[in-house]
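I have placed the structure first, in the form of structure tokens, so that the comments after it can refer back to it.
FYI, it's all coordinate maths here, none of it is from the lab. All figures in this text were calculated on a predicted structure; none of them were measured in a lab. Note that each Cβ is placed from the backbone with ideal geometry, even for glycine, and that neighbours are counted across all protein chains shown.
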Amino acid sequence: MTDGAVADGAVRASSTPFLSAGILTADLTRLGTELDIVRGRADFVHVDVMDGRFCPQLTVGPAVVAAAAATGIPVDVHLMVDEPGRILPEVVRAGVSIVTVHAEASRHPHRVLTELTELSENVHPVVRGYALNPGTPVGVVEPVLELIDLVLVLAVDPGWSGQAPAANTPRRVAAARELVQTAGRPVLVGVDGGVTLRNAAEVASWGADLVVSGSAIFDGRDAAGNLTAMLTALRGQPAATTAARSGGMQ
Ligand code: DX5
Ligand code: ZN
């Protein structure tokens with residue numbers, strides 16, 4: 001994605017955030033069918049790559065990322081792996097749209113983001129994401145602002161779907177927003193983890209440009225219906241807003 005595309009997104013996101021649908025709880029034996037549910041409706045499919053070291057769970061790797069990208073649905077890859085530099089080339093070559101690495105995952109994050117930038121320029125253009133765990137100061141973004149297009153604020157400690165968002169999330173989103181405004185070009189702010197049908201409208205009101213939601217959509221029952229409700233909530237339709245207000249952050 002180009003700077004122009006990011007700029008378009010930032011303009012559009014001023015009213016409605018992008019929705020990235022996480023597939024961690026989707027039925028992976030029917031991945032194509034599950035992806036078809038979100039095709040053309042969610043903006044991205046969010047693939048959580050976990051290595052069992054950076055965070056406790058072990059999930060999928062570049063092969064499944066490539067399979068998802070081959071369906072033609074824009075893929076948002078969240079790399080919760082130690083030293084992600086080693087798999088960046090394979091992930092970027094898969095033709096994904098967003099590649100996010102964690103600030104806490106490498107000894108030399110500046111070098112990793114420089115590698116990601118070079119891959120984006122030379123192999124395939126991607127939105128360069130930088131994720132921060134709930135306990136990481138938002139200020140770590142400042143030294144690498146030139147090398148990123150997205151700050152992904154984790155509302156939960158990485159590892160599992162279905163956790164409740166940390167109480168510090170709204171102020172961390174606000175702090176990230178303030179910081180990226182000094183970049184002099186569009187840098188998006190996203191929220192990942194714990195976004196449900198009950199709190200989605202509230203999360204949207206924090207001013208995020210991109211919202212990731214997984215188990216609230218792929219709940220094993222009605223992913224299509226959940227997706228409709230999630231999109232409605234993010235657009236701030238009255239019914240969803242009322243539900244979110246009565247439920248608060250869950
Ligand atoms: C957290 C992951 C999230 C998570 C989202 O470890 O990065 O993407 O799977 O799942 P929900 O929406 O269920 O919290
Ligand atoms: Zn994620």
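DSSP beta bridges in the chain, what fraction antiparallel, as a percent rounded to 5?
About 5 percent, rounded to the nearest 5.
Can you sort Asp219, Asp48, Asp192 from fewest to most other Cβ atoms within 10 Å of each residue's own Cβ?
Asp219, Asp48, Asp192
In nanometres, what is the gap between the two model label sites at Ala174 and Thr29, each 7 Å from Cα along Cα-to-Cβ?
Taking the two extended label points, one gets 4.7 nm.
Convert each backbone phi in segment 84-94 into a coupling constant with the Karplus relation 6.51 cos²θ - 1.76 cosθ + 1.60 (shift: θ = phi - 60°), then list the ³J(HN,Hα) values in order as whole Hz, x for Gly and Pro.
Once rounded to whole Hz, the list reads x, x, 5, 10, 4, x, 5, 5, 5, 5, 5.
Output the relative contact order of the chain, whole-number percent, from Cα pairs under 8 angstrom with separation of 6+ residues.
Relative contact order comes out at 21 percent.
Along Cα→Cβ, 7 Å out, is where each label goes; now give me the distance between the ones at Ala183 and Glu90 in nm to one decimal.
With each label placed 7 Å out from Cα toward Cβ, I get 2.8 nm.
Would you list Met50, Met80 from fewest to most Cβ contacts within 10 Å?
Ranking Met50, Met80 by Cβ neighbours within 10 Å, fewest first, gives Met50, Met80.
Distance in nm between label sites at Ala66 and Ser205, each 7 Å beyond Cα in the beta-carbon direction?
4.6
Going by amide H atoms built from the backbone, whose H comes under 5 Å of the H on Leu152, apart from near neighbours?
Tyr130, Ala131, Leu132, Gly190
By the gyration tensor of its Cα atoms, with a ≥ b ≥ c the square roots of the eigenvalues, what is the shape of segment 75-156: rounded for a/c under 1.5, prolate for a/b over b/c, or oblate?
Prolate shape, in that a/c is at least 1.5 and a/b is the bigger ratio.
Tell me which of His108, Leu88, Ala208 sits at the most positive position along the dipole axis of the chain, charges placed on C-beta atoms (Lys, Arg +1; Asp, Glu -1).
Final value for the positive-end residue is Ala208.
Counting other beta carbons within 10 Å of each residue's own, what order do Leu231, Leu210, Leu113 fall into, fewest first?
Going from least to most buried by this count: Leu231, Leu113, Leu210.
Which residue fluctuates most in the GNM of the chain (Cα springs below 10 Å): Leu150, Leu119, Leu28?
Of Leu150, Leu119, Leu28, the Gaussian network model singles out Leu28 as fluctuating most.
Under the rule of at least 5 residues apart or a separate chain, name every residue whose amide H is placed under 5 Å from the amide H of Phe54.
Under 5 Å from the amide H of Phe54: Asp82.
Once the Cβ-Cβ distance between Glu142 and Asp82 is put in as r, and R0 is 22 Å, what FRET efficiency do you end up with, to the nearest 0.05?
Efficiency for this residue pair is about 0.40.
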